[in-house]
Amino acid sequence: MTGWLDALIQGVLLGGLYALFAAGLSLMFGVMRLVNLAHGDLIVLAAFVILVAAERLGLDPFVAVLVALPVLFVIGFALQHVLLNRTLGRDLLPPLLVTFGLSIIIQNGLLQIFSADSQRLRAGAIETASIPLGGGIAVGVVPLLTLLSAVAVIVFLNLVFYRTPIGRAFRATSDDLEVAQLMGIDHRRIFAIAMGIAFVVIAIAALYLGMRANFDPTIGPARLLYAFEAVIIGGLGSFWGTLAGGIVLGLAQTIGARIDPEWQILAGHLAFLLVLVVRPRGLFPRALD
Amino acid sequence: MDAGATKPTRSFRIETAGRSSRAAAAAAGVILLVLVLLPAVAGRNMIQDLIFLFYMLALAQCWNLLAGYAGLISVGQQAFVGLGGYLLFALTLLGGVNPLLAIPVVGLVCALFALPTALIVFRLRGAYFAIGTWVVAEIYRLAFAQFKTLGGGTGTSLAPSVTSSVPGIEWVKTMLDMRAPAARDVISYWVALALMAGTLAFVYLVLRSRRGLALGAIRDNEAAAAGLGVDIYRIKLAVYVATAAATGMVGALIYLQKARISPDAAFSVLDWTAYVIFIVVIGGIGTMEGPVIGAILFYLMEHYLADFGASYLILLGTLGILVMLFAPRGLWGLVAERYGLTLFPMRRRLVVCGSETISPEA
Amino acid sequence: MTLLQTRNLTAFYGDFQALYGIDTTLDAGETITIIGANGAGKSTFLKAIAGLIRGPADSVRLDGQPIGARAAADIVKLGVALVPEGRRLFPSLTVEENLLIGCYGRKMSGPWTLDRVYALFPILRERRSSAPPTLSGGQQQMAAIGRALMSNPRILLCDEISLGLAPIIIADIYSALPQIKAEGTSVVLVEQDIVQAMKVADRVYCFQEGRLSLEGRPAELTREQIHRAYFGS
């Protein structure tokens, strides 16, 4: 029995990580209708940025990420402004293929610079610290922090979107680009800011990715798939839905792993397919579109 | 007025061939003949290189039909390459079926798998559809990694009893004075040539037919096509299933020739999707000539640059992005616009002939 | 004093030419109306002024400054606001948020504030937290006009604000115009409904297949003239 309870708890905590992966993707799609095939690789890139900051400056990863945040915001802003804004339009193909090409470039660029060696963000004692809940079940401090950070990020995103002028601009631009321009909104700048914020979320996701497990330049695509699945399961257009989607995915994986460790990832994919068949719009879609 | 008054009438004819395409058709026939006879003079390396070129071109034509015409941008065709490869191994190793006979069977089974896959994946649109197809490919990969009988996660090889049972090896050995492995390559070469030519012919005939007009309409403006009564869903489904079958057969050939399979290789996004997309996009998406140009260019790049490893891939990615941003119609698009060339004629032209004929008064 | 002037204004949608050399003027404080049949180019004309369609810089002049090549987001900041055809409120924003976003580009240096817009269209205050799709056509139109006013424009461009509305609602909306004019805003109305349009206009332009077919003061134009200009001979 404790085994199953443990699987449930671990699933929810894992869901926090997946929700962090997915939040950035959800934001990009929510504002710019951009599905970024390089999303997973950008998370890995961010992890390397944090790694470099931590090693070069001798910082704890939690501090290094604070250094990395502005750097990544600028990278995101520049990427959107210089490259991705050019792909916008009615045609589906350009953003898809450009981000796909970007994915390959990032993976191989990282391979060139850092080699294929596995890396880890070392945080010292906190890595193995855990909080016992009694009955032989313990909750890892890092996974718990991951979940809490995911919740914090989503609260923050909702705040920005629904309580600030720029959030209004995000929603308006996503609704109707042409009329948004009539409001004096420079959509290219708005998109760049949105991308910058998405990169900040990616950086936070990268922090926990790097602390939780080893990472190397090739693990990006798998993270993209998890992020994507979490967004679809949760339903498009809702940040809380994305959190729910991440948790459902995490639960599916841990429960699958409980049945057979080799089935972990497959179980997640199958849960995604099931949701797609039964509730194609996701569990908590927004009423519109 | 007498009943037999002459009245000038005009007759119409719809033509698709033009002068440049007629020349190209003749040239194609000659090229095909040369290619069939090539093993008599070419070395083993060249034969292997050409096998690679042929099957990449076949895959590219399929992806082009899917994405460039039907608007189904799939990043998951590796699902069917891998499925085709594994089905071939299963049929030959476990079922004792003759390898060449197995290939069309593989095509059929892939089509059967494609049907329910499509019904699920078609619930997604646009870029989400793309990633959805990738997830499906991953599911296939993980599922086949569980099949211990076919080698599980590490894969397996084709037994010599299977590889030597490919029909025609003895004939080639004696005719061209080769050893068995080289002879097997020659057979693979002819199968690859047949698959490539078959795929080209199939795609060409589809695009020339009425369905092809519908596909062209979908490519140009899907909403308008739907408004004209084109049954978009049916056509997309048909294209998805047909390309799955073709892709599966190519996958079967690829792994028959390699004689070794593993889940990571058979379902590789890089080999069977990234490179294919590169070929189509750089060559020219939405045209038949584009993938041909792209495949030749890609083959040359692989040949001379693949040793550069990660740098080569960075170059490919950058090239793809640049083409997508600045020359979205690809290399063929640039050439065709300048010179108005068409090698695979599909445009219908109305040819009007005036004549005097006797016709009764209405 | 000429506030807005177009000279040889042309516009294309791809290869299709929608406007052929339009010359118009708008004086400060004036209300002009543009009439014409469907597809005559009236909406295109407004879009060209508002910057959604770009052209040569001096095809449109505001206060003598060439703005023909400027982007829409810039032109709003210069004091030209468009109420687009079909209202096009943002469905993800509430009514109040739609109004607030109207002044995203331009600081509120003028008479139009949220309260003032609510005073002009009281029903909007009642429905301030509603989602636009739940509003009636007339209410949506009021919100769209209010949204444009929030940027305190010197020129208000209105594209077919009577479209699809019942006469009593149209009269309601048009009764707001005098207050808008009283604040010093110049108005350009594009209308298919000639009757209303002629009542409020100082001057009228008629478009026909992308060209100017008539201009003048409503009182000076005869029915036959208008008929011919509208439909062609």
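Amide H of C:Val83: which non-local residues (sequence gap of 5 or more, or other chain) have their own amide H closer than 5 Å, using H built in the peptide plane?
Placed amide hydrogens put C:Leu157, C:Cys158, C:Asp159 under 5 Å from C:Val83.
What value in Å³ per residue do you get for the convex hull of the alpha-carbon atoms in region B:6-358?
Looking at region B:6-358, the number lands at 174 Å³ per residue.
For region B:225-238, in order, what is each residue's ³J(HN,Hα) by Karplus, 6.51 cos²θ - 1.76 cosθ + 1.60 with θ = phi - 60°, in whole Hz (x at glycine and Pro)?
Values, residue by residue: 4, 4, x, 8, x, 5, 7, 4, 4, 4, 5, 4, 4, 4 Hz.
Using DSSP H assignments, which helices in chain A have an axial alpha-carbon span of 18 Å or above and a mean Kyte-Doolittle hydropathy of 1.0 or higher?
Helices meeting the criterion: A:2-32, A:39-57, A:61-78, A:93-114, A:141-163, A:187-212, A:220-234, A:239-259, A:264-278.
Fewest first, what order do B:Asp49, A:Asp117 take by the number of other Cβ atoms within 10 Å? It would help to have the intermediate numbers written out before the result.
Working: B:Asp49 15, A:Asp117 9.
Going from least to most buried by this count: A:Asp117, B:Asp49.
How much mean residue ellipticity at 222 nm does chain B get from its helices, if each DSSP H run of length 4 or more adds -39500 (n - 2.57) and you divide by all residues, to the nearest 500 deg cm²/dmol?
-21500 deg cm²/dmol
Take the alpha-carbon centre of region C:121-160, take the same for region B:33-57, and report the distance between them in whole Å.
Answer, in whole Å: 70.
Give me, ordered by chain and number, the residues 5 or more places off C:Gly216 or on other chains with an amide H under 5 Å from its own placed amide H.
For C:Gly216, the qualifying residues are C:Val204.
Taking Cα pairs under 8 Å and at least six residues apart, what relative contact order does chain C come out at, in percent?
27 percent.
Can you tally the lysine pairs in the protein assembly as shown where the Cα-Cα distance is under 30 Å and the two residues are eight or more apart, or on different chains?
14
Taking the Cα centre of chain C as origin, sum charge times position over the Cβ atoms of Lys and Arg (+1) and Asp and Glu (-1), and report the length of that vector in debye to the nearest 20.
That gives a dipole near 400 debye.
Using the Cβ atoms and a cut-off under 13 Å, what net charge is assigned to the surroundings of A:Ile166, where Lys and Arg are +1 and Asp and Glu are -1?
So the environment of A:Ile166 carries a net charge of +2.
Note down the net charge around C:Arg217, summing +1 for each Lys or Arg and -1 for each Asp or Glu among other residues with Cβ under 14 Å from its Cβ. It would help to have the intermediate numbers written out before the result.
Values: positive: C:Lys199, C:Arg203; negative: C:Asp27, C:Glu30, C:Asp202, C:Glu215, C:Glu220.
So the surrounding residues net to -3.
Show that you can apply the helix-only estimate: for chain A, add -39,500 (n - 2.57) for every DSSP H stretch of four or more residues, divide by all residues, and state [θ] at 222 nm to the nearest 500.
Values: 11 runs with 207 residues, N = 289.
The helix-only estimate for chain A comes to -24500 deg cm²/dmol at 222 nm.
Short version: ³J(HN,Hα) in whole Hz for each residue of region C:26-39, in order, from phi by Karplus 6.51 cos²θ - 1.76 cosθ + 1.60 (θ = phi - 60°), x for Gly and Pro, what are they?
9, 8, 4, x, 6, 10, 10, 10, 10, 10, x, 6, 4, x
State the answer as a single residue: which of B:Tyr304, B:Gly107, B:Leu193 lies farthest towards the positive end of the charge dipole of chain B, with beta carbon charges of +1 for Lys and Arg and -1 for Asp and Glu, about the Cα centre.
The Cα lying farthest towards the positive end belongs to B:Gly107.
Taking the beta-carbon count within 10 Å as an exposure proxy, list C:His227, A:His81 from fewest neighbours to most.
Neighbour counts put them in this order, fewest first: C:His227, A:His81.
For chain C, what does the alpha-carbon gyration tensor say about shape, rounded, prolate or oblate, given a ≥ b ≥ c as the root eigenvalues, a/c under 1.5 as rounded, and a/b over b/c as prolate? Could you put the intermediate results ahead of the total?
Values: a/c = 1.66, a/b = 1.34, b/c = 1.24.
Here chain C falls in the prolate category.
Can you sort A:Arg163, B:Arg123 from fewest to most other Cβ atoms within 10 Å of each residue's own Cβ? Intermediate values should be presented prior to the final figure.
Working: A:Arg163 9, B:Arg123 16.
Result, fewest neighbours first: A:Arg163, B:Arg123.
Can you give the Kirkwood hydrodynamic radius of chain A from its Cα pairs, in Å with one decimal?
After inverting the pairwise mean of 1/r, the radius is 19.4 Å.
Amide H of C:Ile67: which non-local residues (sequence gap of 5 or more, or other chain) have their own amide H closer than 5 Å, using H built in the peptide plane?
Under 5 Å from the amide H of C:Ile67: C:Val60, C:Arg61, C:Leu62.
The numbers here are math on the coordinates, done by the rules we state, and not lab data. Being a predicted model, the structure only gives us computed values, none of them experimental. Note that each Cβ is placed from the backbone with ideal geometry, even for glycine, and that neighbours are counted across all protein chains shown.
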